[in-house]
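The values are calculated or read from the model by the stated rules, or taken from the named source; none is laboratory data. Please read all numbers here as calculations on a predicted model, not as lab measurements. In this analysis, Cβ positions are derived from the backbone assuming ideal geometry, glycine residues included, and neighbour counts consider all displayed protein chains.
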Amino acid sequence: MNKRKPIKSISYAKWGYIFILPFFLVYAVFSFYPMVTTFYYSFFENYNQGLTTIGPNFVGLQNYVNLFKPNEGRFELLEYTKNTMIMWVLGVVPQFIFSLLLAVIFTSVRLKIKGQRFFKTVIYMPNLIMAAAYSMLFYVMFSEVGPVGMLCKALISPDFVVFQSVGASRGVIAFINFLMWFGNTTIMLMAGIMGIDQSLFEAASIDGANGRQVFFKITLPLLSPIFVYVAMTSLIGGLQMFDVPQIIGGTDGAPNRSTRTLIMWLNNVVTGKARDYGKGGAISVLIFIITGILSFIVYKSMVKEDPNAKKNKRRNKNVLL
């Protein structure tokens, strides 16, 4: 009898790894390796003193210790972290409220708003404009001789200058960030709401639930994963705020360094006269740590674990034992 040859099965699993390999190669070369070298060089002193280059000399944790010491009477790390967080909060709070409101309106079955594609395009369009162009436009408008700046002088005081006021300068930067990113947040939240099973809303309306009850009992709880994602990405982007405050407040973060952010501080340290790469590496590592801590706080504050899930885990453990 002729024995049949076994049929070899074809595995396509390797092609998946081959297709994702370019991403990991690019990430390793252009992201992971620079991060490792930045962490490594943060333990060295390496700066310019006039025309002389000092280092690289190993100094251990001295660069990190210097960051927590006052420089010209300023605790720069705390001051610039505070500036960054204030401008981020001023922009992100109205952004989330406005975006959530628009997302609920556009996805409402009762309202049935027509022309949603047009409105989505218009809302998202500011996100496509370069931040530098946006900043220059607002800088000209709110300058001392600009139309909005002249209006503020007429309404508030003849001596009032927008970019000489700490609150006004921070408010302009926060407003620019709000205009640039609320469209992206709206689209994300709309996608999250549209992913919710419509039968839940229909069942709620049949049971007599009003719009407020549907929003707080169904929409918000089921939208929380998307909301957490948007909040985390917004926080990471806010801590990397650079281009808008750099144009509005200049390199020094006028007035009185009140608009200087952490990334502006890092850029000034690395590209300034001293070109202190050791201190710049230490600042980068601290920004990474601050981002991780704040992201963890945001995640824990917005994600609530189901108590029933914990009970089920304990029961399963007891059964296994």
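Summary table below
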read-out: Residue identified as over 23 Å from L266 (Cα atoms), of a type outside the set (S, T, Y), assigned to a helix (DSSP H, G or I) and out of contact with any Gly (no Cβ under 7 Å at 6 or more places or on another chain) among P126, P94; value: P94
read-out: Subset of the range 111-148 (residues that are charged (D, E, K, R) and free of Cβ contacts under 8 Å to residues at least 24 places away in the same chain); value: K112, K114, R117, E144
read-out: Checklist (1) free of Cβ contacts under 8 Å to residues at least 40 places away in the same chain; (2) closer than 21 Å to N177 by Cα applied to L100, failing item; value: (1)
read-out: Test: T84 is crowded, with 17+ Cβ neighbours inside 10 Å, touching a Leu at 6+ places or on another chain (Cβ under 6 Å) and either basic (K, R) or over 22 Å from F242 (Cβ atoms) (or both); value: no
read-out: Matching residues in the range 63-108 - criterion: being of a type in the set (K, R) and under 21 Å from I293 (Cα atoms); value: K82
read-out: Residue that is farthest from F288 (Cα to Cα) [pool: residues in the range 233-242 that are surrounded by fewer than 17 Cβ atoms within 10 Å (Cβ to Cβ) and of a type outside the set (F, W, Y)]; value: T233
read-out: Selection from the range 10-45 of residues that are in a strand (DSSP E or B) and either at pLDDT below 90 or within 29 Å of the chain's Cα centre (by Cα) (or both); value: none
read-out: Residues that are at pLDDT below 90 and among the hydrophobic types (A, V, I, L, M, F, W, C), drawn from the range 258-293; value: A274
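One line per residue, one yes/no per condition, for (1) at pLDDT 90 or above; (2) surrounded by 13 or more Cβ atoms within 10 Å (Cβ to Cβ); (3) in contact with an Asp or Glu (Cβ under 8 Å, 6 or more places away or on another chain):
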{"position": "E76", "(1), (2), (3)": "yes, yes, no"}
{"position": "L90", "(1), (2), (3)": "yes, yes, no"}
{"position": "K114", "(1), (2), (3)": "no, no, no"}
{"position": "K120", "(1), (2), (3)": "no, yes, no"}
{"position": "I129", "(1), (2), (3)": "no, no, no"}
{"position": "M136", "(1), (2), (3)": "yes, yes, no"}
